[in-house]
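Data first, discussion second: the structure below is written as structure tokens.
Rule-based calculations on the coordinates, nothing more; no lab input. Small disclaimer: the values here were computed from a predicted structure and weren't measured. Cβ coordinates were reconstructed from backbone atoms using ideal geometry, including for glycine residues, and neighbour counts include every protein chain displayed.
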Amino acid sequence: MIHQNRRKELLSKLDNNAVVIVSTNSEQKRNSDVNYPFRPDSSFWYLTGFIEPDAIAVFSKNDYSIFLNPKDKTKEIWNGKRLGVELAPKALLANQAYDIDTFLDEIESLVDKDSSVHFDAPTTGGWKDISSTNILNESISSIFKNKIRPLNPYLSEMRLIKDPSEIKNMQAAANLASKAHIKAMLKTKPGLYEHHISAEFDSEFRNGNSEHSYPPIVASGENACILHYTENNKILNDGDLLLVDAGCEILGYASDITRTFPINGRFSEPQKQIYEIVLNAQKSAIACIMPGEKVSTPHEVACDIITNGLIELGIMDTSSDLSEFYMHKTGHWLGLDVHDVGTQVIDDEYRIFEAGMVTTVEPGIYIRKSDKIESKYWNIGIRIEDDVLVTNDGNHILSEAAIKDLKDIEHLMSNQ
Ligand code: GLY
Ligand code: MN
Ligand code: MN
């Protein structure tokens, strides 16, 4: 029912005779005859609730057709059960279902002469796409030509505001990942390897019937200054910090959490100084998240605090460029995608926060080796990232169970 309501709401924003075409992903090859684990397209999942590969939904005010893989005894023995054409209408509340391979034969008859067709080329392939040319995109473009209108701007606005069922899944994803971060802190000690800590997340997520929502970053020492470090295979050295950016997915909804902590359980003085700047920037950025506030404010607040903090410590002078130490934004939308859909800007102006939006807040400081900086600060890389829901009267930190105060981390790690 929830998916039917979403289709209805989407159509209410379009012309009366609009038709929407939305497709899901195909399996993607990893090597030889081995595929990557399948993940449905987020928008298709949001509108249909259907999680098999190779399907296309076509719907308008009066009609909903679903194209999907037909039942196939041999393929189901090898690769798993399929819903099939016969059961699909009842299970998915569609008017009719078709074999996906008949899509090109049927599609024209499902669109009235004067209808517009809302469709965007899939970005991750789909419908058994194995080449750089997407069959679906090519055929829809050539059949409907100037009747084609964009879909994503309307759909992204809907996905940006999370309903209670979505928030429930996001809270569950944040809870599970927070628990894994605490376990990682408890396990960490000098002499182990980054992959041992990474394994803690694999175990916690799989035990919670969940998956990573992105490849985890488990970066010790200087590796923390590589923003997308995913090798996760170096030894954990006494005296270094460990930055862990890891989150999971519950029914498609992501968490995205970063914690940074000392490998031996005690922050050194220089590490403390940098940590407190990032933590202050992060808490202050979160404090200004509320309905009516501009979405650009958290980043501005974080940048001010980091700039002043680094100048005070003599790491930066007034003429330096902050991007040498802080080169990414303070947050992004979070939902079915880790970097979720939704614009930051409307009509050249930053939009304002509204209840139901979920954003990350993730300032950081990354100090690489440089003759211009005292060596005690070299290779300190710190990011602190939480998932924050905008509520009617402010915000709620979904990932609040993952401790982040310096004293709390040292206390927890002293109990190993
Ligand atoms: N883990 C990806 C990010 O923080 O944006
Ligand atoms: Mn993030
Ligand atoms: Mn992250």
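P(r) tail for region 88-245, what percent of Cα pairs lie past 27 Å? Present the calculation step by step, with values, prior to reporting the outcome.
Working: 6581 of 12403 pairs.
Cα-Cα pairs in region 88-245 separated by more than 27 Å: 53 percent.
Computed 3J(HN,Hα) for region 400-414, one whole-Hz value per residue from the Karplus formula 6.51 cos²θ - 1.76 cosθ + 1.60 where θ = phi - 60°, is 5, 5, 7, 4, 9, 5, 3, 5, 5, 5, 5, 5, 4, 6, 7, glycine and proline marked x. Put simply, region 1-89 fits an ellipsoid with semi-axes of 28, 15, 10 Å; these come from the alpha carbon gyration tensor as the roots of five times its eigenvalues, largest first. Principal axis extents of the Cα atoms in region 347-415, from largest to smallest and rounded to whole angstrom, are 45, 42, 12. Comparing A88, A246, A402 in a Gaussian network model of the chain where C-alpha atoms under 10 Å apart are linked, the largest mean-square fluctuation is found at A88.
Taking the inverse of the mean reciprocal distance over all distinct Cα pairs, the Kirkwood hydrodynamic radius of region 60-111 comes to 11.8 Å. Spin-label model, S32/H228: points 7 Å from Cα along the beta carbon direction are separated by 2.9 nm.
Normalised by the number of residues in region 207-259, what is the relative contact order in percent for Cα pairs under 8 Å and 6+ residues apart? Provide the component values of the computation, followed by the final result.
On the way: 85 pairs, mean separation 21.5, N = 53.
Reported relative contact order: 41 percent.
With a Förster radius of 45 Å applied to the beta-carbon distance between A287 and N95, the computed FRET efficiency rounds to 0.35. Cα centroid separation, region 292-341 to region 1-36: 35 Å. Comparing mean-square fluctuations of E374, E166, E249 from a GNM of the chain with C-alpha springs under 10 Å, the top value falls on E374. With all pairs of separate Cα atoms included, the chain yields a Kirkwood hydrodynamic radius of 23.4 Å.
Over the chain, DSSP H runs of length four or greater, each weighted -39,500 (n - 2.57), average out per residue to a 222 nm ellipticity of -10500 deg cm²/dmol. For region 239-364, the Cβ-based charge dipole about the Cα centre amounts to some 460 debye (Lys, Arg positive; Asp, Glu negative; other atoms uncharged).
Across region 243-249, coupling constants 3J(HN,Hα) worked out from phi with the 6.51/-1.76/1.60 Karplus curve, θ = phi - 60°, read 9, 10, 10, 8, x, 10, 10 Hz, and Gly and Pro carry x.
Scalar couplings 3J(HN,Hα) for region 186-202, obtained by applying the Karplus form with A = 6.51, B = -1.76, C = 1.60 to θ = phi - 60°, are 5, 7, 5, 7, x, x, 6, 10, 3, 5, 5, 6, 4, 5, 4, 6, 3 Hz; x denotes Gly and Pro.
Out of every Cα pair in region 88-166, what percent are spaced more than 14 Å from each other?
On the way: 2242 of 3081 pairs.
When all Cα pairs of region 88-166 are counted, 73 percent exceed 14 Å.
Charge dipole of the chain (Cα centre as origin; +1 on each Lys and Arg Cβ, -1 on each Asp and Glu Cβ, all else neutral): 840 debye, rounded to the nearest 20. Pairs of Lys residues in region 232-346, spaced 8 or more positions apart or belonging to different chains, with C-alpha separations under 22 angstrom: 4 in total. Taken over region 262-408, the percentage of Cα pairs per 10 Å bin, counting from 0 up to the bin with the maximum distance, is 11, 39, 32, 16, 2. Taking K75 as the anchor, which lysines have their alpha carbon closer than 16 Å to its alpha carbon, excluding any fewer than eight residues away along the same chain? Cross-link targets: K128.
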